[in-house]
1. Based only on other Cβ atoms within 10 Å, what is the fewest-to-most ordering of 345, 408?
2. I need the peptides 667-673, 346-352 ranked by packing, meaning the mean over residues of other C-beta atoms within 10 angstrom, with the highest value on top.
3. Tell me, 339, 304 in order of fewest to most beta-carbon neighbours within 10 Å?
4. To the nearest 0.05, how large is the calculated FRET efficiency for residue 439 and residue 733 if R₀ is 60 Å and r is the Cβ-Cβ distance?
5. Using Cβ counts within 10 Å as a stand-in for footprinting exposure, how do 25, 721 rank, fewest first?
6. Taking R0 as 25 Å, what FRET efficiency do you get between residue 164 and residue 70 from their Cβ-Cβ distance, rounded to the nearest 0.05?
7. Using alpha carbons only, how many angstrom separate the centre of the stretch 608-660 from the centre of the stretch 725-768?
8. Hey, how many Å between the Cα centroid of the stretch 243-257 and the Cα centroid of the stretch 15-60?
């Protein structure tokens with residue numbers, strides 16, 4: 001709430017007791033943070049308290065900030081004074097404000113948020129310094145939340161202390177440098193290709209072998225081992241940055257590149273992956289069934305199906321391509337009127353063929369391909385991938401169980417606050433009036449799921465959102481933060497571990513990952529009666545860093561030498577520990593199921609005797625009065641679908657164990673959660689998946705004709721709902737017959753929650769996609785791609801398009817379908833509307849008072 005007149009409270013004590021005290025500490029911090037930055041930016045801003053009370057507000061803010069950062073580095077070596085951290089944070093935020101103003105954004109970014117283009121530039125610069133952007137994953141907090149920058153800063157501090165790296169120092173140095181960027185420099189960085197992922201060892205080996213062969217050769221890599229990323233790495237090596245290779249220098253800043261695949265659906269996947277993995281701007285789906293030509297600062301990438309390159313079609317090709325990538329090259333071995341002619345059509349300096357397999361050494365097809373294109377320069381088969389853990393070779397089980405909240409008192413306070421605010425807001429006249437104005441399909445709020453959807457619409461469609469709505473949304477974000485720091489109840493994991501340790505004659509070896517150090521110690525104590533071989537490793541087992549390292553290594557060696565036992569570590573140390581082989585892995589850390597974790601388990605878990613390797617992952621569900629309908633329903637379903645799509649990614653679906661939670665609650669949560677995710681996708685909103693975000697049109701565009709045929713033949717559409725076992729069978733068939741690449745396969749899973757209760761609509765959609773794909777692939781033979789740039793997204797309309805909804809631009813704002821989104825003018829946003837650099841008044845003199853407090857220190861950074 002912006003106060004430019006008399007303050008609501010003349011005393012900070014009164015403000016704190018009346019407005020802040022009933023809110024969780026994290027919510028109080030976010031509120032005060034926004035107040036301080038608003039006063040720093042707008043000199044005429046009075047705020048909620050009297051002018052002489054700001055020093056007290058600043059002092060209390062300093063206490064909260066100190067606790068917030070200190071808690072994140074508790075037990076870790078970090079001697080930086082909190083006052084220094086506070087000044088660093090406000091300098092960091094000032095630099096983000098400047099960067100927000102230099103880049104296109106669909107809405108005004110205030111001092112507590114970061115626009116999506118600005119975040120992309122920040123992560124790109126960190127990547128150029130060889131940091132992994134996933135180290136700063138704060139996706140559990142909305143980018144528009146006042147907590148976002150606070151959490152980003154604290155996460156960097158935590159990572160620096162945990163891994164003993166200079167991540168925070170580098171983050172501050174890079175953001176400080178942003179203050180010197182002009183608009184042209186900022187936009188140039190936004191469109192520069194940088195490989196945003198660290199290559200797996202097999203991808204790096206494949207790229208090195210190809211480069212050593214003068215940029216001509218075939219990479220034969222098993223499905224799901226990263227062929228596409230290896231190809232994108234070749235693009236980055238040619239005309240961008242490959243941060244892990246210090247000797248790499250771009251060979252051209254005007255590259256002509258061609259991608260060839262056997263279907264438009266696969267080409268669409270390539271375009272999406274190039275944008276994502278090279279840190280380029282995202283776009284809405286083209287709606288045309290085929291990708292546009294992609295242009296960015298150092299290259300133009302053209303996309304062609306193999307059929308469209310046959311000699312009988314007149315293509316306006318470049319005289320010479322710097323690089324041509326042939327995906328699924330095993331399709332192109334026939335020269336006698338077949339697709340082999342497509343390989344010989346373009347002239348190129350470098351060529352890369354990609355395939356899961358092109359046949360045995362004695363297969364004539366292999367010889368023909370090597371003659372037409374180039375020799376196979378690298379082979380990485382399924383056995384290699386399973387040996388290295390790239391494709392895990394174990395059974396895995398997901399166990400839903402109750403949530404053990406981080407800071408129980410804060411959690412209950414947040415839950416109660418949300419419940420009371422929603423109850424008051426639900427039937428308020430203002431709410432009723434607003435719902436009639438908004439483009440939402442309801443006129444009253446059923447639960448918090450409806451509120452979140454209505455609040456999102458209000459931010460996009462209305463100039464002014466009521467304070468009560470903003471306060472409830474802030475409370476939800478605060479509770480989300482607490483939930484992210486929480487973990488599943490450990491009783492189930494302890495019982496499971498004890499069963500393994502005592503139920504086999506010769507015992508087994510387990511590794512367990514806990515949420516934090518205290519939980520790791522608790523697990524060790526709980527299991528000490530089951531085996532004498534309990535080894536707990538973390539950063540607080542010794543006061544000094546050197547002694548800690550010696551003790552950790554000794555305990556790991558003891559575990560490695562034992563024939564049974566358990567090794568327990570907090571999740572923050574899992575990547576820093578060289579874990580010996582074990583038969584069973586148990587994750588009770590309560591975090592999002594990530595590919596890296598599952599692959600790490602694949603490298604650790606090995607069969608021993610009769611004990612098959614098995615990975616157990618616990619997911620948490622708030623129970624009883626802790627469960628908030630709509631909000632917790634959606635998060636529970638998201639966790640279920642994360643593990644399902646991850647199962648598609650690695651080719652190994654988990655078993656969902658019978659939950660140790662009320663069955664009726666879970667049934668309601670699953671039904672409502674699926675409904676809410678379906679609404680988001682059908683509203684053309686991005687949803688967060690295991691690996692990045694996706695929209696409905698991108699899911700549909702990724703479907704190939706053979707995939708659609710499999711779904712239509714396998715799923716029974718005559719029931720009232722799509723049966724999950726039918727869907728699982730269909731996904732297994734898609735994986736087995738390789739109808740879709742792994743990334744498309746994992747995203748296809750999300751069609752299940754969308755159409756779970758609408759089987760007739762799903763059947764009709766799939767039929768339309770089948771018709772459209774056939775027509776589109778045929779029409780492709782007579783058309784030429786249209787050009788867009790990484791800063792331009794044109795969403796066309798098509799009478800035969802299987803999707804028909806508004807698109808989403810780089811900032812998450814809804815844009816009009818069919819309207820070009822340009823960013824050529826610095827005075828316009830992606831929709832052609834005026835972009836205001838900030839909310840500062842025209843009469844703002846920028847002068848600040850100096851009361852000698854934390855507030856004056858902060859304001860001096862903004863002056």
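Throughout, read-outs are computed from the coordinates displayed, never taken from laboratory work. This structure is a prediction, so every number in the text was calculated from the model and none was measured. Using ideal geometry, Cβ is built from the backbone for each residue, glycine included, and neighbour counts are taken over all protein chains shown.
1. Listing 345, 408 from fewest to most nearby Cβ atoms yields 408, 345.
2. Ranked from most to least packed, the peptides come out as 346-352, 667-673.
3. Placing the least packed residue first, the sequence is 339, 304.
4. Using R0 = 60 Å, I get an efficiency of 0.95.
5. Least to most surrounded, the residues fall as 721, 25.
6. 0.90
7. Comparing the Cα centres of the stretch 608-660 and the stretch 725-768, I get a distance of 20 Å.
8. First find each Cα centre; the distance between them is then 49 Å.
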